[in-house]
Each structure stands twice: as structure tokens, then as C-alpha cells.
Amino acid sequence: MLVSRKNHPKDTLVKINKDVIFGAKKPIIIAGPCAVESENQFRTIARAVKKAGANMLRGGAFKPRTSPYSFQGLGEKGIKIMRKVADEVGLPIVSECLSEEHLGLFKKYVDMVQIGSRNMQNFELIKKIARLGKPILLKRGMSSSIEEFLLAAEYILNEGNSNVVLCERGIRTFDQSAGNTLDLNGLILIKQLSHLPIIIDPSHSACRPELIIPLSCAGLSVGADGIMVEVHNKPDKALSDGRQALTPESFAKLMTNIKHAN
Ligand code: PEP
Ligand code: MN
């Protein structure tokens, strides 16, 4: 297997630019809203997270919402807003691609392409995204085993693209009272089994802000190569995932905690 550490004992480094390298010593912190809602909203959040020390911006323009009646994202307009603001603040961007229809857009505007939890086994889409040759953030399916997760990554490497960062985003367990369960067992095991960098997404694991700082510290202390976290300037007005969003102030607190913990 191409993802296996057996054939490739050294850690793979995934380079986005000279300052952002996943798998190197320094954890990479990705922050931004669940969904891009407007240029002003994205700029406000981008500036705040950059000031607090984020290395990369996130934001969804095409949103895989559970309900067809929920906000579906700004689409192409959202991607263009992200690129414009990212260039203003000087941070790279990651955004989720849901359809092969949009491959051209992602190729042109995005630094790293996210494959979401719901598409982790959409192999035809995955292969086409892999062929763009861009770095990929592959999120674990919410009910996928570690073997299935690594085999999904194998599809990307098998296309000749080894710039893959894995993301543990919490799995569904019998107890949903604390949201999804951030599988730190899985993270530790994956670090042993594979040479690919792996980050955690405490926002979609915890589904509530008060768990995010402790989960982030826990993940980094067992070897996560970074975190991806949702931040919103007005969580109660957010068009998606407001309940789990950190405010810019609590994001700054998270950054201070991480610095002290490392
Ligand atoms: C996201 O990160 O925006 C997202 C939709 O996450 P997931 O695919 O993990 O649910
Ligand atoms: Mn979200």
C-alpha cells in the first residue's frame, strides 16, 4: 500500500507554501467560518484569525448540508471571495469540492482541496480531484473505519498525488451528547500505520465551543500535525454550524493555549 509506513518509513511533508508545511514540527492551524456568507464576513474573520496566528484559512462555498432547505453556500462567488481575501491577508485557503463540475474553479482559485466526510468514499470524484495535482485535505467519513479511511487516501496516492493530509473529524458513536467522538485512538494508530500527516477537526467532533480548546490540546499532544477549527464573528447569526463556532476572541484564547501546551 502506498499510504503505508512500511514502504515509506519517513513522514510525508505536504507543502502548501514556504510557511505552511503539514507534517513538519510546527502544527498548522486552519481557521475560518463553516460557510463563506459574504465578503465582509469572510474578511472580518480572516483578519481576526490571522492576527491571532492562524496559518491557513478555511471556508465552504459549496456546502453539503443535511437538509436541502439549509443554506447551500455562495458557490462560485464564495470561492472568488475566499481567493480575494486570502490574497489580501496573505494566507492560503482550503475549501471543499462537492462535484466534478467545479474542478476548474478549484484548480484556479484554491490552494488545497477538501474532500468532506460525506464524500470520503466517492471514489470517482476523489480520483478526479487527485488528478488536479493540488494538495488535498481528506476528511474521515463519520462512520468509516480506519482501514476505509486509509484506503480512500490510497485512491489519491494511486493517482500519483501524494500531497494528502488526513483529517480526523469525529465519528458517530452511540452517545451523541458530546457530539461526535474525536477518535484519538484512531489518530495514534494512523500515525503508526501511515506516513501521511493527520490533523484534527475539533469543531465537527465537539459540535460545541467549550470542548474545542481541550480537544485541540489533546490532539496535538498525541501527535496531530495541526487543527482545523470553525470561527465566526457572529455565531448566533451564522448560516451554518453557528452552535460550534468559536468567536475570534475564543480563537485567540485557543492559540494562546496551544502555544503554552507545546
Ligand atoms: C466542513 O469541514 O465544512 C465539513 C462539512 O465537515 P465534514 O465533512 O467533516 O462534515
Ligand atoms: Mn461546518
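Taken together, the values in this text are just the output of simple stated rules run on the coordinates, not laboratory data. Because the structure is predicted, anything quoted here is derived from the model rather than measured. Positions of Cβ are generated from backbone atoms using ideal geometry, with glycine treated the same way; all protein chains shown enter the neighbour counts.
For the range 190-218, the set of residues classified as within 14 Å of the chain's Cα centre (by Cα) and of a type outside the set (D, E, K, R) consists of Pro197, Ile198, Ile199, Ile200, Pro202, Ser203, His204, Ser205, Ser216, listed by residue number. Mind counting the residues in the range 38-77 that are within 16 Å of ligand 2 (Cβ to nearest atom) and more than 18 Å from the chain's Cα centre (by Cα)? Counting residues in the range 38-77 that are within 16 Å of ligand 2 (Cβ to nearest atom) and more than 18 Å from the chain's Cα centre (by Cα) gives 7. Would you check if Thr44 is within 22 Å of Ser203 (Cα to Cα), in a helix (DSSP H, G or I), out of contact with any strand residue (DSSP E or B) (no Cβ under 9 Å at 6 or more places or on another chain) and among the hydroxyl-bearing types (Ser, Thr, Tyr)? Taking the combined requirement at face value, the residue satisfies it. Could we say that Ser70 is in a strand (DSSP E or B), among the small types (Gly, Ala, Ser) and closer than 20 Å to Val36 by Cβ here? The answer is no for Ser70. Does Met82 fit the bill of being under 22 Å from Cys167 (Cα atoms), within 16 Å of ligand 1 (Cβ to nearest atom), hydrophobic (A, V, I, L, M, F, W, C) and touching a Pro at 6+ places or on another chain (Cβ under 6 Å)? When the stated conditions are applied, Met82 does not pass them. Leu105 passes every criterion in (1) more than 27 Å from Ala206 (Cβ to Cβ); (2) within 16 Å of ligand 1 (Cβ to nearest atom); (3) out of contact with any strand residue (DSSP E or B) (no Cβ under 7 Å at 6 or more places or on another chain) apart from (2).
Determine whether Ala152 is closer than 27 Å to Leu132 by Cβ, touching a Leu at 6+ places or on another chain (Cβ under 9 Å) and either away from ligand 1 (no atom under 16 Å from the Cβ) or not aromatic (Phe, Trp, Tyr) (or both). Answer is yes for this residue.
For the range 94-116, the condition holds for no residue, the condition being that it is within 16 Å of ligand 2 (Cβ to nearest atom), over 17 Å from the mean Cα position of the chain (by Cα), within 29 Å of Val49 (Cα to Cα) and of a type in the set (A, V, I, L, M). For the range 170-189, check the following and say yes or no: at least one residue is basic (Lys, Arg) and under 17 Å from the mean Cα position of the chain (by Cα). Checking the range 170-189: not a single residue is basic (Lys, Arg) and under 17 Å from the mean Cα position of the chain (by Cα).
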